[in-house]
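One structure is given below, encoded as C-alpha coordinates.
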Amino acid sequence: MRHDKLLEACNRNNLPAALTRSILREHEGLSCQINVGAFTSMDDVPFLSGGNQGGRNTRKLWCLYLMQAMKTTLQLWEVESRVWMLDGASLNYAVWADDIVVYAATHTQLVTKLQDLLTALSDFGLDFKEDGLCWSCDASFPYGLEPITLAHPTKGAVDIPFEPKVNILGTAFDHRGSSETSLEHRLKQAWQHWHERKS
(Lines give C-alpha, C1' and ligand atoms only; values in the text may rest on other atoms or scores of the structure.)
Protein backbone atom coordinates (compact mmCIF):
# COMPACT_ATOMS: atom_id res chain seq x y z
CA MET A 1 0.00 0.00 0.00
CA ARG A 2 1.42 3.36 -1.00
CA HIS A 3 1.17 5.59 2.06
CA ASP A 4 0.08 8.67 0.08
CA LYS A 5 -2.74 6.64 -1.50
CA LEU A 6 -3.65 5.17 1.89
CA LEU A 7 -4.15 8.71 3.19
CA GLU A 8 -6.30 9.45 0.12
CA ALA A 9 -8.39 6.32 0.80
CA CYS A 10 -8.91 7.33 4.45
CA ASN A 11 -9.92 10.89 3.51
CA ARG A 12 -12.22 9.92 0.64
CA ASN A 13 -14.02 7.40 2.81
CA ASN A 14 -14.54 9.95 5.59
CA LEU A 15 -12.67 8.11 8.31
CA PRO A 16 -12.59 10.13 11.54
CA ALA A 17 -9.53 12.40 11.65
CA ALA A 18 -8.23 10.76 14.85
CA LEU A 19 -8.40 7.30 13.25
CA THR A 20 -6.65 8.54 10.09
CA ARG A 21 -3.87 10.08 12.21
CA SER A 22 -3.51 6.81 14.13
CA ILE A 23 -3.25 4.81 10.88
CA LEU A 24 -0.65 7.17 9.44
CA ARG A 25 1.36 7.14 12.69
CA GLU A 26 1.51 3.35 12.43
CA HIS A 27 3.04 3.66 8.94
CA GLU A 28 5.30 6.70 9.34
CA GLY A 29 8.98 6.72 10.18
CA LEU A 30 9.57 3.19 8.87
CA SER A 31 12.98 2.75 7.28
CA CYS A 32 15.73 0.26 6.59
CA GLN A 33 19.34 0.05 5.48
CA ILE A 34 20.14 -1.61 2.17
CA ASN A 35 22.98 -4.12 1.88
CA VAL A 36 24.04 -5.28 -1.60
CA GLY A 37 27.28 -7.23 -1.58
CA ALA A 38 29.90 -5.02 0.07
CA PHE A 39 27.67 -1.93 -0.28
CA THR A 40 25.64 -0.67 2.68
CA SER A 41 23.55 2.47 2.43
CA MET A 42 24.87 5.29 4.59
CA ASP A 43 21.41 6.60 5.42
CA ASP A 44 18.23 4.84 6.31
CA VAL A 45 15.92 4.39 3.32
CA PRO A 46 12.32 5.32 4.15
CA PHE A 47 9.45 2.96 3.40
CA LEU A 48 6.86 4.81 1.32
CA SER A 49 4.65 1.79 0.91
CA GLY A 50 3.71 -1.40 2.71
CA GLY A 51 1.56 -2.29 5.67
CA ASN A 52 1.88 -3.60 9.19
CA GLN A 53 1.88 -7.36 8.56
CA GLY A 54 -0.36 -9.04 11.09
CA GLY A 55 -1.62 -5.73 12.48
CA ARG A 56 -5.05 -5.63 14.07
CA ASN A 57 -6.49 -3.41 11.32
CA THR A 58 -4.35 -4.53 8.39
CA ARG A 59 -7.12 -6.53 6.68
CA LYS A 60 -9.59 -3.66 7.00
CA LEU A 61 -7.03 -1.18 5.68
CA TRP A 62 -6.26 -3.49 2.75
CA CYS A 63 -9.97 -3.69 1.85
CA LEU A 64 -10.30 0.09 2.14
CA TYR A 65 -7.19 0.59 -0.02
CA LEU A 66 -8.18 -1.93 -2.70
CA MET A 67 -11.75 -0.64 -3.00
CA GLN A 68 -10.47 2.95 -3.26
CA ALA A 69 -8.13 1.83 -6.06
CA MET A 70 -11.05 0.21 -7.91
CA LYS A 71 -13.84 2.65 -7.02
CA THR A 72 -13.77 4.98 -10.06
CA THR A 73 -13.42 2.04 -12.45
CA LEU A 74 -16.33 0.15 -10.89
CA GLN A 75 -18.53 3.25 -11.09
CA LEU A 76 -17.58 3.65 -14.76
CA TRP A 77 -18.61 0.07 -15.50
CA GLU A 78 -22.01 0.64 -13.90
CA VAL A 79 -22.60 3.96 -15.67
CA GLU A 80 -21.65 2.51 -19.06
CA SER A 81 -23.62 -0.71 -18.38
CA ARG A 82 -20.52 -2.88 -18.79
CA VAL A 83 -22.07 -5.70 -16.78
CA TRP A 84 -23.10 -9.29 -17.35
CA MET A 85 -26.79 -9.95 -16.74
CA LEU A 86 -27.67 -13.39 -15.37
CA ASP A 87 -31.30 -14.18 -14.53
CA GLY A 88 -31.99 -10.47 -14.02
CA ALA A 89 -29.01 -9.96 -11.73
CA SER A 90 -26.18 -7.63 -12.69
CA LEU A 91 -22.78 -9.31 -12.27
CA ASN A 92 -19.74 -7.07 -12.46
CA TYR A 93 -16.97 -8.32 -10.19
CA ALA A 94 -16.22 -10.29 -7.05
CA VAL A 95 -13.41 -9.57 -4.57
CA TRP A 96 -12.09 -11.81 -1.82
CA ALA A 97 -8.91 -10.57 -0.07
CA ASP A 98 -6.60 -10.01 -3.05
CA ASP A 99 -8.51 -12.21 -5.53
CA ILE A 100 -10.56 -10.31 -8.10
CA VAL A 101 -12.99 -11.91 -10.56
CA VAL A 102 -14.27 -9.73 -13.42
CA TYR A 103 -17.48 -10.68 -15.26
CA ALA A 104 -18.26 -9.47 -18.78
CA ALA A 105 -20.98 -10.07 -21.37
CA THR A 106 -18.57 -10.17 -24.34
CA HIS A 107 -14.89 -10.79 -25.01
CA THR A 108 -14.44 -7.17 -26.12
CA GLN A 109 -16.04 -5.96 -22.91
CA LEU A 110 -13.79 -8.25 -20.87
CA VAL A 111 -10.64 -6.89 -22.52
CA THR A 112 -11.78 -3.30 -21.90
CA LYS A 113 -12.67 -4.00 -18.27
CA LEU A 114 -9.38 -5.77 -17.57
CA GLN A 115 -7.44 -2.87 -19.12
CA ASP A 116 -9.42 -0.39 -17.00
CA LEU A 117 -8.70 -2.41 -13.87
CA LEU A 118 -4.98 -2.85 -14.61
CA THR A 119 -4.59 0.90 -15.11
CA ALA A 120 -6.54 1.75 -11.93
CA LEU A 121 -4.60 -0.71 -9.77
CA SER A 122 -1.28 0.46 -11.20
CA ASP A 123 -2.07 4.02 -10.09
CA PHE A 124 -2.18 2.68 -6.50
CA GLY A 125 1.05 0.69 -6.87
CA LEU A 126 -0.78 -2.63 -7.33
CA ASP A 127 -0.40 -5.23 -10.08
CA PHE A 128 -2.05 -8.41 -11.28
CA LYS A 129 -0.43 -11.57 -9.89
CA GLU A 130 1.02 -13.32 -12.92
CA ASP A 131 0.73 -16.84 -11.47
CA GLY A 132 -2.99 -16.43 -10.73
CA LEU A 133 -3.96 -14.58 -13.88
CA CYS A 134 -6.29 -16.14 -16.47
CA TRP A 135 -9.49 -15.67 -18.41
CA SER A 136 -12.22 -18.13 -19.29
CA CYS A 137 -15.60 -18.27 -21.03
CA ASP A 138 -18.39 -20.68 -21.77
CA ALA A 139 -18.13 -23.23 -24.59
CA SER A 140 -20.33 -21.15 -26.92
CA PHE A 141 -17.58 -18.52 -27.34
CA PRO A 142 -17.18 -18.37 -31.15
CA TYR A 143 -13.62 -17.06 -31.41
CA GLY A 144 -10.11 -18.22 -30.63
CA LEU A 145 -8.93 -18.77 -27.08
CA GLU A 146 -5.66 -16.89 -27.38
CA PRO A 147 -4.19 -14.94 -24.48
CA ILE A 148 -5.55 -11.45 -23.88
CA THR A 149 -2.78 -8.87 -24.09
CA LEU A 150 -3.07 -5.69 -22.02
CA ALA A 151 -0.84 -2.62 -21.90
CA HIS A 152 0.62 -2.00 -18.44
CA PRO A 153 1.17 1.76 -17.87
CA THR A 154 4.84 1.26 -16.96
CA LYS A 155 5.85 -2.36 -17.59
CA GLY A 156 4.79 -3.07 -21.18
CA ALA A 157 2.60 -5.96 -22.30
CA VAL A 158 0.74 -8.22 -19.86
CA ASP A 159 -0.52 -11.52 -21.26
CA ILE A 160 -3.53 -13.21 -19.67
CA PRO A 161 -3.79 -16.88 -20.74
CA PHE A 162 -7.03 -18.76 -21.38
CA GLU A 163 -7.87 -21.51 -18.87
CA PRO A 164 -10.69 -24.00 -19.53
CA LYS A 165 -10.99 -24.70 -15.78
CA VAL A 166 -10.73 -22.00 -13.11
CA ASN A 167 -11.16 -21.94 -9.35
CA ILE A 168 -13.18 -18.98 -8.13
CA LEU A 169 -13.47 -18.54 -4.38
CA GLY A 170 -12.94 -22.26 -3.82
CA THR A 171 -15.35 -23.48 -6.50
CA ALA A 172 -14.06 -24.99 -9.75
CA PHE A 173 -15.68 -23.84 -12.99
CA ASP A 174 -15.40 -25.50 -16.39
CA HIS A 175 -15.94 -23.53 -19.60
CA ARG A 176 -18.11 -26.42 -20.90
CA GLY A 177 -20.48 -25.94 -17.97
CA SER A 178 -19.63 -29.36 -16.55
CA SER A 179 -20.25 -29.88 -12.85
CA GLU A 180 -17.67 -32.73 -12.87
CA THR A 181 -14.85 -30.20 -12.55
CA SER A 182 -16.27 -28.78 -9.33
CA LEU A 183 -16.98 -32.27 -8.00
CA GLU A 184 -13.42 -33.44 -8.80
CA HIS A 185 -12.01 -30.31 -7.13
CA ARG A 186 -14.04 -30.85 -3.96
CA LEU A 187 -13.19 -34.57 -3.79
CA LYS A 188 -9.49 -33.75 -4.18
CA GLN A 189 -9.73 -31.20 -1.33
CA ALA A 190 -11.61 -33.68 0.88
CA TRP A 191 -9.01 -36.41 0.37
CA GLN A 192 -6.19 -33.93 0.99
CA HIS A 193 -7.75 -32.86 4.32
CA TRP A 194 -8.40 -36.49 5.29
CA HIS A 195 -4.74 -37.43 4.67
CA GLU A 196 -3.52 -34.36 6.59
CA ARG A 197 -5.59 -35.31 9.65
CA LYS A 198 -4.57 -38.97 9.40
CA SER A 199 -0.83 -38.22 9.53
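The values are calculated or read from the model by the stated rules, or taken from the named source; none is laboratory data. Not measured: the values here are computed from a predicted model. Cβ sites come from the backbone with ideal geometry, for glycine too, and all protein chains shown count toward neighbours.
State whether one or more residues within segment 8-20 are of a type in the set (Gly, Ala, Ser), at pLDDT below 85, surrounded by 14 or more Cβ atoms within 10 Å (Cβ to Cβ) and assigned by TED's automatic domain parsing to the domain that holds residue 153. There is at least one residue in segment 8-20 that is of a type in the set (Gly, Ala, Ser), at pLDDT below 85, surrounded by 14 or more Cβ atoms within 10 Å (Cβ to Cβ) and assigned by TED's automatic domain parsing to the domain that holds residue 153. Whether any residue in segment 146-156 is farther than 20 Å from residue 171 by Cα and within 16 Å of the chain's Cα centre (by Cα) is what I want to check. Within segment 146-156, one or more residues are farther than 20 Å from residue 171 by Cα and within 16 Å of the chain's Cα centre (by Cα). A count restricted to segment 136-172 and to residues that are of a type in the set (Asp, Glu) and under 20 Å from residue 119 (Cβ atoms) stands at 1. For residue 138, the requirement of being exposed (fewer than 11 other Cβ atoms within 10 Å of the Cβ) and assigned to a helix (DSSP H, G or I) is not met. Kindly indicate the residue of segment 148-195 that is closer than 21 Å to residue 93 by Cβ and assigned to a loop (DSSP other than H, G, I, E, B) and also modelled with the highest pLDDT among those meeting that condition. Among those residues, the one meeting the criterion is 161. Which of the residues spanning segment 76-123 are of a type outside the set (Ser, Thr, Tyr), loosely packed, with under 12 Cβ neighbours inside 10 Å and either at pLDDT 90 or above or on the phi > 0 side of the Ramachandran plot (or both)? Of everything in segment 76-123, those that are of a type outside the set (Ser, Thr, Tyr), loosely packed, with under 12 Cβ neighbours inside 10 Å and either at pLDDT 90 or above or on the phi > 0 side of the Ramachandran plot (or both) turn out to be 87, 88, 97.
For (1) charged (D, E, K, R); (2) more than 13 Å from residue 2 (Cβ to Cβ); (3) at pLDDT below 70, each residue gets a yes or a no:
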position: 26; (1), (2), (3): yes, yes, no
position: 29; (1), (2), (3): no, yes, yes
position: 33; (1), (2), (3): no, yes, no
position: 40; (1), (2), (3): no, yes, no
position: 46; (1), (2), (3): no, no, yes
position: 55; (1), (2), (3): no, yes, yes
position: 62; (1), (2), (3): no, no, no
position: 66; (1), (2), (3): no, no, no
